[in-house]
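Have a look at the structure below, then the notes.
The values are calculated or read from the model by the stated rules, or taken from the named source; none is laboratory data. Note that the coordinates shown come from a computational prediction; the quantities given were computed from them, not determined experimentally. So basically every Cβ, Gly included, is an ideal-geometry build from the backbone, and we count neighbours across all protein chains shown.
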Amino acid sequence: MRLRGTGSRIVAVNAAAKRLRTIFVLVPCAFMIAMLALPAVNGLILSFDHHGPSLANYRFLFDDSMFRRALANNLLIPFASVIVEFILGLSLALTLTAGRKRSALIDTAAILPFAIPEIVILTLARYICMPRGYLNGAIMMTGMPALPWLSPRSPLAMLTVILVDAWHVTPVVMLMLMAGLQTIPAELYEAARLDGAGTLATFRFVTLPMLTPAIIGALILRGVDALRIFSTVLVLTGPEGVPVLSTYSYSLWDDAQKPHEAMAASMILALMVTAIGVGGFMLTRRHSRADRAIA
């Protein structure tokens, strides 16, 4: 009788635990749907609303040269920024993990750009690059003319935005790659040295293949995040200096008072972010399956 009573209590406890787990799953999901999905659906409806369901808002966008420019910039700036971040982040990660005696000062200096609040970084960058800023002051001291680092439609303004955005976020890529480097077994490097492999061969045949999952993760994470660039462009050049989709949408909503067209631009940006995010997730899963098949 005692065993039967104990068994029924265990069943009751398991059922209660299952109900509790279900609640802990359903409540956060319901909250996420309420906070994300419902506003997204409302925004989608608003983007097609032009005195009734219509594609007029989207036709307005593609007829606007500023939108086409913002769309092109929203692809070019993140791509170039992520490339710069990857090169700098990988270089820093290899340098910091290769040294036997790591200095806390060097580690802090490498992470500092991301630790500083973004508005501080951007304000400092604007003071450096403005027409009478510190950078042009140093250039003029050499006898050269000042350069239009932040002028609208200037290639230098595009370059400034890319470099400032990369400077601020490179530590994130560096830390992700450092974490990947620290998972590579030291025995592989020892075997490569015994086989007579040089530094470049060791990097190509040992470090790079083992670091590929971390590289893919870093590129996908930063690629998706870089598409949402907003404050860097807004602070440095204004919404029309080097327009991207987020600043273009902001300008339509706040300055032009065109909420429907602004929401249509936002939906296009959301579609881009979702497509790249899903594509990156599928690429990661395919790479994981390939690794398991090889193993």
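Scanning segment 154-179 for residues that are of a type outside the set (V, I, T), surrounded by fewer than 23 Cβ atoms within 10 Å (Cβ to Cβ) and in contact (Cβ under 8 Å) with a residue 40 or more places away in the chain returns A157, M158, L163, W167, H168, P171, L175, M176, M178.
The residue pairs whose first member lies in segment 42-55 and is in contact (Cβ under 8 Å) with a residue 40 or more places away in the chain and surrounded by 12 or more Cβ atoms within 10 Å (Cβ to Cβ), whose second member is assigned to a helix (DSSP H, G or I) and of a type in the set (G, A, S), and whose beta carbons are closer than 7 Å, counting only pairs six or more residues apart or on different chains, are G43/S266; S47/A264; H50/A56.
Scanning segment 155-167 for residues that are farther than 13 Å from V82 by Cβ and of a type outside the set (A, V, I, L, M, F, W, C) yields a total of 2. Contact map, segment 271-283: residues that are in a helix (DSSP H, G or I) paired with residues that are among the small types (G, A, S) and surrounded by 13 or more Cβ atoms within 10 Å (Cβ to Cβ), Cβ distance under 9 Å, separation 6+ or inter-chain. Pairs shown: I276/G223; G277/G223; G280/G217; G280/G223. Of all residues in segment 62-115, exactly one satisfies the criterion of being acidic (D, E) and under 17 Å from the mean Cα position of the chain (by Cα), namely E85. Annotation note: Cβ proximity below 8 Å between a residue of segment 201-223 that is more than 15 Å from L175 (Cα to Cα) and a residue that is modelled with pLDDT of 90 or more and not hydrophobic (A, V, I, L, M, F, W, C) (sequence gap 6+ or interchain) occurs for M210/G180; G223/P78. Filtered by the rule that a residue be farther than 18 Å from V82 by Cβ and in contact (Cβ under 8 Å) with a residue 60 or more places away in the chain, segment 237-257 gives T237, G238, E240, G241, P243, T247, Y248. If you check L227, L221 for being aliphatic (A, V, I, L, M) and surrounded by fewer than 18 Cβ atoms within 10 Å (Cβ to Cβ), only one passes: L221.
Restricting segment 71-118 to residues that are modelled with pLDDT of 80 or more and outside any helix (DSSP H, G or I), the residue that is surrounded by the fewest Cβ atoms within 10 Å (Cβ to Cβ) is P117. Counting the residues of segment 119-128 that are touching a residue at least 12 places away in the same chain (Cβ under 8 Å) and more than 14 Å from L163 (Cα to Cα) gives 2.
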